[in-house]
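Data block below; observations after.
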């Protein structure tokens, strides 16, 4: 196990800076998820940690060791790829054992390690099979077992579940988080799926355009976003953002589940503690127990989550009421949440204590 530290790490491709001098502390034993849209620099960051990409600038430390110039095989990390990269002509056993044999591990020790790891990931009955005889989830377990058998300090995973169907992906999320708790190793996981990030990670790193927008625990990201990007990227559906006018220096937002739909004529006793929008219900998505009501207001369309049993007519004129405690304000120009410097600042302060 080891912590991973990035100090002012950058990377440029064809005169375009894809990672912009980021500082990041990944604690020993954490499950850290790098999340963001395509092209934000998350996979490049992971590949620099692995040694598959050279570092353009800055330093990467694994444990206490600077690894910028170390080849991948000397970094004591193991990487699980999106496409599994299994050898199709080899059995499951031989796929898992391949790296150990290359390192000259004695046959008896190799056998014991493969059997131990196969039992952990539930592959014991399939050791004689070829990858083509396995399901997608089983092939993913083989890729994990091949990484685990090396007993590395750090596991690196680049969108390992993206090729699985939705049901299997949900199952593998649970299995991966359970595996992390069992091993106690440092996991660094890349995904573009914010739901995957929120359900798996204990530390989430939100990236955009090569920079880190916020580092925090999942619930903090959701409840206390530092900026507009995080507020709208984290959460499904996204936070509603409202502008009071073109000349206002601020915009404000609220989560769909924190608003109420009231009749247009309703007069609330708590009106002074609420912000309200008047509008018309234009559509409704039934999700099961909850429904999403889309409301056109004079300040744009917003979404309100309501109980499915709530009676709402299409075309109804309503008020969208949000208690001021659930309102977020952001600077229109910078996108920063006003009056707040948490999340990333806390991360940098923590990193500053160990760098």
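Numbers below:
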| item | result |
| --- | --- |
| Whether region 53-175 is rounded, prolate or oblate, judged on the alpha carbon gyration tensor where a/c under 1.5 counts as rounded | oblate |
| Degrees separating the helix 166-183 axis from the principal Cα axis of the chain, which is the longest one | 60 degrees |
| Burial ordering of 110, 40, fewest other beta-carbon atoms within 10 Å first | 110, 40 |
| Order of 66, 42 under a 10 Å beta carbon neighbour criterion, fewest first | 66, 42 |
| Euclidean distance between Cα centres, region 1-68 to region 271-308, Å | 41 Å |
| Helix 136-148 vs. the chain, principal-axis angle (Cα, 0 to 90°, nearest 10) | 60 degrees |
| 317, 192 arranged by Cβ crowding within 10 Å, fewest neighbours leading | 317, 192 |
| Ratio of the Cα radius of gyration of the chain to 2.2 N^0.38 Å, where N counts its residues | 1.17 |
| Rounded tilt (10° steps) of 107-121 against the dominant C-alpha axis of the chain | 20 degrees |
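Any read-out appearing in this document is the output of simple, stated calculations on the displayed coordinates, not a laboratory observation. Predicted model, so just to flag it, every value in this text is computed and none were measured. Positions of Cβ are generated from backbone atoms using ideal geometry, with glycine treated the same way; all protein chains shown enter the neighbour counts.
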